[in-house]
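Structure, as structure tokens:
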Amino acid sequence: MTDWVILLQNLANGVLMGGVYALVGVGLTLVFGVMRTINFAHGDFVVLGMYAAVLFNALLGFDPYLSLVIAVPVGFLTGMLVERLVLARIVDAPPESALLATLGISLIIGNAILLTVGGEPRSVQVAYASTTTSIGGVHVSMVLLVAGAATVAAIAGLYALLHRTEIGRAIRATAENRLGAELVGIDTRTIHAIVFGLGTMLAVVAGVTLIPLLFATPTNMGAVFTLKAFVVTVLGGLGSVGAAIAGGIVLGVVEVLGASYLASEYREAYGLAAFLLILLFRPEGLFGRTVKRV
């Protein structure tokens with residue numbers, strides 16, 4: 001295999017993995033862009049999605065991606081419920097109140113999973129786990145390809161919602177100016193509930209997508225995904241869905257290339273190094289000035 005083919009294969013794997021990272025980051029940046037709230041429980045909702053796929057597979061024999069039929073509406077309703085019960089009560093409180101509230105939600109989710117299923121790592125084996133497909137001479141894992149397709153479908157659905165529906169226009173109006181949106185009759189509290197539901201749903205979808213690739217654990221994993229979501233949003237530009245997608249792809253490519261050409265055991269460190277460099281030299285993000293908010 002020539003060096004060019006290896007490079008192309010690594011780039012393909014990095015883009016596909018980066019797409020899943022983008023899905024993790026998009027939910028976080030959507031909530032921040034509209035509600036101005038940084039959700040420290042975001043990664044824990046990703047872990048919830050992973051365990052949901054494990055549960056559906058164990059009880060019903062579902063392929064992880066088939067479990068999305070149930071996980072998507074449940075994730076959306078869970079997010080709306082959390083927003084109504086917790087965040088809606090502190091919507092006009094100082095920003096640190098929401099930070100502390102989401103940290104509390106994170107602790108509750110992690111410990112609830114630990115008490116319910118224990119600390120043993122869980123995963124789902126799929127029949128096509130070791131299958132690869134050739135695209136233009138580049139061999140790509142079927143699991144990564146399916147994960148990439150699920151990610152594209154989820155992001156395309158979100159784009160259509162934001163730009164082709166009345167709810168989407170209300171979401172974008174609320175993101176631009178909450179008071180102005182209220183003056184023209186938009187119920188911004190309902191919009192906040194919908195947006196937090198969407199953010200949670202996207203996190204759950206990302207978790208279901210990742211379960212064939214990773215082991216799920218209830219401790220620390222939520223914090224890892226929350227950190228990745230922050231890295232993705234900062235790489236692209238905080239508050240923009242389009243920039244978060246670009247940031248996720250950048251992170252995936254950096255991690256895969258670093259693991260392939262440098263040392264695989266430091267894979268996580270390469271993304272963090274890119275994160276620090278962007279903060280130092282372009283704190284508004286790679287696309288912070290060119291991509292519109294939400």
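Numbers below:
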item: Residue check, residue 231 at pLDDT 90 or above, more than 15 Å from residue 30 (Cβ to Cβ) and touching a Leu at 6+ places or on another chain (Cβ under 9 Å); result: no
item: Residue that is least open to solvent (accessible area, probe 1.4 Å), among those in the range 168-187 that are outside any helix (DSSP H, G or I) and not small (Gly, Ala, Ser); result: 186
item: Qualifying residue in the range 73-84 (condition: buried (at least 23 other Cβ atoms within 10 Å of the Cβ) and among the polar types (S, T, N, Q)); result: no
item: The range 119-157, residues that are within 14 Å of residue 26 (Cβ to Cβ) and either among the acidic types (Asp, Glu) or surrounded by fewer than 19 Cβ atoms within 10 Å (Cβ to Cβ) (or both); result: 152, 153, 156, 157
item: Selection within the range 203-259 - of a type in the set (A, V, I, L, M), surrounded by fewer than 21 Cβ atoms within 10 Å (Cβ to Cβ) and farther than 30 Å from residue 4 by Cβ; result: 223, 224, 227
item: Residues within the range 245-276 that are under 22 Å from residue 159 (Cα atoms) and modelled with pLDDT under 85, tallied; result: 0
item: Within the range 99-110, tally of residues that are open to solvent by 50 Å² or more (accessible area, probe 1.4 Å) and touching a residue at least 60 places away in the same chain (Cβ under 8 Å); result: 2
item: Single match in 256, 224 (criterion: over 14 Å from the mean Cα position of the chain (by Cα) and part of a helix (DSSP H, G or I)); result: 256
item: Single match in 28, 48 (criterion: in a helix (DSSP H, G or I), open to solvent by 40 Å² or more (accessible area, probe 1.4 Å) and modelled with pLDDT of 90 or more); result: 48
item: Total residues in the range 85-96, condition open to solvent by less than 50 Å² (accessible area, probe 1.4 Å), at pLDDT 90 or above and either over 21 Å from residue 226 (Cβ atoms) or of a type outside the set (A, V, I, L, M, F, W, C) (or both); result: 1
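Matching residues to (1) part of a helix (DSSP H, G or I); (2) modelled with pLDDT under 95:
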residue	(1), (2)
52	yes, yes
58	yes, yes
82	yes, no
115	yes, yes
125	no, yes
129	no, yes
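Okay, residues lined up against (1) of a type in the set (Asp, Glu); (2) part of a helix (DSSP H, G or I); (3) in contact (Cβ under 8 Å) with a residue 60 or more places away in the chain; (4) touching a Cys at 6+ places or on another chain (Cβ under 9 Å):
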position	(1), (2), (3), (4)
7	no, yes, no, no
20	no, yes, yes, no
33	no, yes, yes, no
37	no, no, yes, no
44	yes, yes, yes, no
62	no, no, no, no
72	no, yes, yes, no
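The values are calculated or read from the model by the stated rules, or taken from the named source; none is laboratory data. What you see is a predicted model, and the numbers here were worked out from it, not measured in a lab. Here Cβ is always computed from backbone atoms with ideal geometry, including for glycine, and neighbour counts include all displayed protein chains. Accessible surface areas use protein heavy atoms only, side chains included; no ligands, DNA or RNA. Shrake-Rupley method; radii C 1.70, N 1.55, O 1.52, S 1.80 Å.
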